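The values are calculated or read from the model by the stated rules, or taken from the named source; none is laboratory data. All values reported here derive from a predicted model rather than from experimental measurement. A quick note on method: Cβ atoms are made from the backbone with ideal geometry, for glycine too, and the neighbour counts reach across all protein chains shown. Keep in mind that these areas ignore ligands, DNA and RNA; they rest on the heavy atoms of the full protein, side chains included. Shrake-Rupley method; radii C 1.70, N 1.55, O 1.52, S 1.80 Å.
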Amino acid sequence: MKLTVTSSPHIRGKESTGSIMGHVLLALLPALAAGTLVYGLRALLVTAVTTAACLLSEWLFRVLTHQHNTLPDGSAAVTGVLLALTLPATVPYWAAAVGGVFAVAAVKGLCGGIGQNIFNPALAGRAFLMLLWPAAITRYAALGQALPLFGSAADAVTAATPLHHMQMPALPEVSLADLFLGRVGGSIGEASALALLIGGAWLVFRRVISPRIPLTYLGTVAVLTLVFSKGDSPVLWMLYSLLSGGVILGAVFMATDYTTSPVTPRGQLFYGAGCGALTVVFRYFGLFPEGVTYAILLMNAAVWAIDRFTAPRRFGTGKGGAA
């Protein structure tokens with residue numbers, strides 16, 4: 001009898017890392033298409049730059065550290081697309097490339113590769129750019145403006161995003177329908193809430209992600225902005241808070257990252273609620289109108305503690321693990 005000796009796990013699912021990342025890329029296509037329609041072909045070129053930077057960084061890092069090639073798993077490509085969706089179409093190409101290199105080489109590579117990073121690489125790349133060049137990634141072009149495909153877009157006519165109006169505080173001038181369908185200014189991935197929800201529905205349908213984190217995240221934002229409304233209509237304030245900025249992008253695609261989110265069901269609920277609460281706190285009291293990036297990164301740092309204190313009790317043991 002021929003026996004095959006392998007390490008655990010001995011029961012494996014049909015999905016591989018490559019197939020999961022393929023589903024994520026497919027789910028991101030509606031948001032990328034909406035961003036390209038709203039902001040022009042420059043949005044597509046920014047995505048190409050961030051993705052190329054991530055792929056090249058991944059390959060070069062693995063070569064220099066004498067490790068096997070991991071480009072086929074698709075994780076670097078997902079990081080590149082996600083990073084691009086968090087940036088405005090006006091971002092300089094060099095800044096987009098620097099963000100991609102930092103996300104893969106520093107955040108992912110130095111931590112040991114896929115499955116070892118503490119923070120979401122795409123959000124860490126955006127946070128790095130925000131720290132060093134905040135003006136470059138907070139310049140949002142006016143809606144309908146033709147941006148140059150090559151060269152600098154620094155001379156583009158800028159416009160306030162819906163979140164800038166809400167920081168005054170005041171309800172945005174655009175309608176909820178514009179926010180939902182995609183007729184507003186902002187980052188590439190903020191163009192259409194509908195496109196993001198379509199991608200999220202695909203991931204839930206394919207069981208790539210659980211709805212626990214997105215629903216808890218968005219539900220927490222909804223409750224807090226309804227209770228602590230800054231507008232004359234609490235319901236409208238809540239709806240604008242949910243549809244403005246990157247909260248849907250963060251809840252569906254960033255907070256659900258396997259490596260940087262809890263594995264226990266209860267932990268995922270705590271994690272999602274924490275992301276939502278911190279997002280509202282940063283939006284209400286922070287220097288910048290958006291708070292999704294730092295909310296998720298801070299909760300990433302707390303994942304180890306959440307998993308530890310929400311681990312299910314083992315059969316046959318009492319509280320604290322005693323038999």
Inset, instruction - Quick one: GLY186 ticks every box in (1) of a type outside the set (Val, Ile, Thr); (2) crowded, with 21+ Cβ neighbours inside 10 Å; (3) part of a helix (DSSP H, G or I) except a single one, so which number is it? - result: (3)
Inset, instruction - Write out, first by first residue and then by second, each pair whose Cβ atoms fall under 7 Å of each other, whose residues are 6+ apart or on separate chains, and whose first residue, in the range 232-250, is surrounded by 24 or more Cβ atoms within 10 Å (Cβ to Cβ) while the second is of a type in the set (D, E, K, R). - result: GLY245/GLU190; GLY245/GLU290; GLY246/GLU190; GLY246/GLU290; LEU249/GLU190
Inset, instruction - Output the residues belonging to the range 268-285 that are of a type outside the set (Ser, Thr, Tyr) and in contact with a Phe, Trp or Tyr (Cβ under 8 Å, 6 or more places away or on another chain). - result: GLY272, ALA273, CYS275, GLY276, LEU278, VAL280, PHE282
Inset, instruction - Identify the residue in the range 221-231 that is part of a loop (DSSP other than H, G, I, E, B) and in contact (Cβ under 8 Å) with a residue 40 or more places away in the chain and, among all such residues, is least open to solvent (accessible area, probe 1.4 Å). - result: GLY231
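So, in the range 251-267, of the ones that are not in a loop (DSSP other than H, G, I, E, B) and not charged (D, E, K, R), which residue ends up most open to solvent (accessible area, probe 1.4 Å)? Can you show your working first?
Pass one, the range 251-267, residues not in a loop (DSSP other than H, G, I, E, B): 251-254, 265-267.
If we keep only those that are not charged (D, E, K, R) as well, we get 251-254, 265, 267.
Details: ALA251: 0, VAL252: 9, PHE253: 15, MET254: 2, PRO265: 73, GLY267: 0 Å².
Per the stated criteria, the residue is PRO265.
With the requirement that a residue be more than 22 Å from LEU28 (Cβ to Cβ) and either crowded, with 22+ Cβ neighbours inside 10 Å or among the hydroxyl-bearing types (Ser, Thr, Tyr) (or both), what does the range 281-290 give you? Spell out how you get there, then give the answer.
First, the residues of the range 281-290 that are more than 22 Å from LEU28 (Cβ to Cβ): 281-289.
Across the range 281-290, the qualifying residues are ARG283, TYR284.
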Inset, instruction - Would you check if there is a residue in the range 211-234 being hydrophobic (A, V, I, L, M, F, W, C) and farther than 30 Å from PHE309 by Cβ? - result: no
Inset, instruction - Within the range 291-315, work out how many residues are among the hydroxyl-bearing types (Ser, Thr, Tyr) and open to solvent by 30 Å² or more (accessible area, probe 1.4 Å). - result: 1
Inset, instruction - With the condition kept exactly as written, say whether any residue in the range 213-220 is part of a helix (DSSP H, G or I), among the aromatic types (Phe, Trp, Tyr), open to solvent by less than 10 Å² (accessible area, probe 1.4 Å) and modelled with pLDDT under 95. - result: no
Inset, instruction - Inspect all residues belonging to the range 62-76 and state whether any of them is crowded, with 20+ Cβ neighbours inside 10 Å and farther than 24 Å from LEU29 by Cβ. - result: no
